[in-house]
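Below is one structure, written out as structure tokens, with a few remarks after it.
Taken together, the values in this text are just the output of simple stated rules run on the coordinates, not laboratory data. The structure presented is a predicted model; accordingly, all values stated were derived computationally and were not measured. Here Cβ is always computed from backbone atoms with ideal geometry, including for glycine, and neighbour counts include all displayed protein chains.
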Amino acid sequence: MTSENPGIVSAGSILQTQFMKEISQSNRYHGRFAPSPTGHLHVGSACTALVAWCAARQADGLFTLRIEDLDTPRTMPGMKESQMNDLRWLGLDWDAGPDIGGRHEPYLQSLRQKGYQSALDKLYHQKMLFPCRLSRRDLQTLASAPHGDVAVYPRSLRPTGLEPGWYEKAKINASIRLKVPSHRIQFFDQICGLQEEVVAATAGDYVLRRRDGVFSYQLAVVVDDLHMEITEVVRGQDLLSSTARQLLLIDLLGGTRPSYAHSPLVLNAKGEKLSKRDAPLSLAALREAGVSSQYLVGYLAWALGLLPDVRPLTPGELVKYFDWFRMKGIPSFVLPENLAEVLT
Ligand code: GLU
């Protein structure tokens, strides 16, 4: 048959090659770093970015930069450019991002609203949503069980019947919550090990779209990670408690679960998570103080347990020492107050 109709066979083999390419493309490791442009990058974000980048490069995978500028009131002008600058200074690069585009563009969450809306519509058609007019304060009073930063929304407050057309009307002055199923979510984290959570008990029926119309971080991250075919999510351990909520959504939307690694948290000398207040620990401040990015990479590699001592090296040189196993059991590490002096 091959010799009888070579034209058809070659078209078939082209299609097959394309298909094979797509399969190998979709099997390829795809990591990402997803900062919110709410301030300058500090050593904590740099550490997460470095870990995520090394994991992707060691796997010969793709690395995407996505800017999570969904929460417009908290977004600061000029920050995404400054963050990209800082990442480049550190020696990191990316295969897709807001500055270079890519197969899954746009890479700014503020431009990806349609995807979030269609995921919400899908969940509405699955009868998994309901409107809520309670404020955070109302909830804390009613439920009197704030859990960390999440006010648990108990099942007893979920409305029993919903009037037709509620979904359209909920665009005004109501948040939209997910009817959280009561089963246990399990996942394995490369650094933190096996995790289990019953989201109905830890968060309850959580918000997917806020009263002001902003889609929640949980929904946006899931929609983007699925759309961008992210195979492994690497981020700080402060977000470990969001993962079960995100897995619930991935399962409901029929997506493929990525694997997870929550990297050690970087703390200031007082033992607190780094924030905007720790301005001297921003990459911009360290750079201005004369710190070389290679010393910073070497310091982070040592603090993460990847190297036995602090020595200057590039992220590319760190790839061969990268090993999830070495980071196991390191929930966090504390930076000295005089980090800039230590590194110059
Ligand atoms: N945008 C989040 C942050 O900057 C990270 C989200 C994620 O990696 O899932 O904290």
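Key figures for this structure:
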item: Built amide H within the under 5 Å cut-off of Tyr153, gap 5+; result: Gly204, Asp205
item: Peptides ranked, highest mean first, by Cβ atoms within 10 Å: ranges 283-294, 116-127, 31-42; result: 31-42, 283-294, 116-127
item: Pairwise centroid distance, computed over Cα atoms, of the range 172-188 with the range 96-146, Å; result: 11
item: Residue-by-residue Karplus 3J(HN,Hα) for the range 328-333, coefficients 6.51, -1.76, 1.60, Hz, glycine and proline x; result: 4, x, 10, x, 6, 9
item: Under-5 Å amide H pairs with Val334, H placed in peptide plane, nonlocal only; result: Leu267
item: Amide hydrogen neighbours beyond the local backbone of Val233, cut-off 5 Å, H modeled; result: Ser259, Tyr260, Ala261
item: Spin-label model distance (nm) - Asp138 vs Ser332, 7 Å beyond Cα toward Cβ; result: 3.4
item: Unit charges on C-beta of K, R, D, E only; dipole of the chain, Debye; result: 1060
item: The chain - share of DSSP beta bridges that are antiparallel (%, nearest 5); result: 50
item: Phi to ³J(HN,Hα) by Karplus 6.51 cos²θ - 1.76 cosθ + 1.60 over the range 79-96, Hz, x for Gly, Pro; result: 6, 5, 5, 5, 5, 5, 4, 5, 5, 5, 4, 5, x, 9, 10, 9, 8, 8
item: Whichever lysines have a C-alpha closer than 27 Å to that of Lys80, once near sequence neighbours (fewer than 8 apart) are set aside; result: Lys114, Lys273, Lys276
item: Pairwise centroid distance, computed over Cα atoms, of the range 262-296 with the range 35-77, Å; result: 15
item: Farthest toward positive dipole pole in the range 176-222 [+1 Lys/Arg, -1 Asp/Glu at C-beta], among Ser216, Phe187, Ile176; result: Ile176
item: Structure-based [θ]222 nm, the chain - -39500 (n - 2.57) summed over DSSP H runs of at least 4, per residue, nearest 500; result: -10500 deg cm²/dmol
item: Computed over the chain, Kirkwood Rh from alpha-carbon pairs, angstrom; result: 22.0
item: Whole-number percent relative contact order across the range 290-341, with pairs defined as alpha carbons under 8 Å at least 6 apart; result: 34
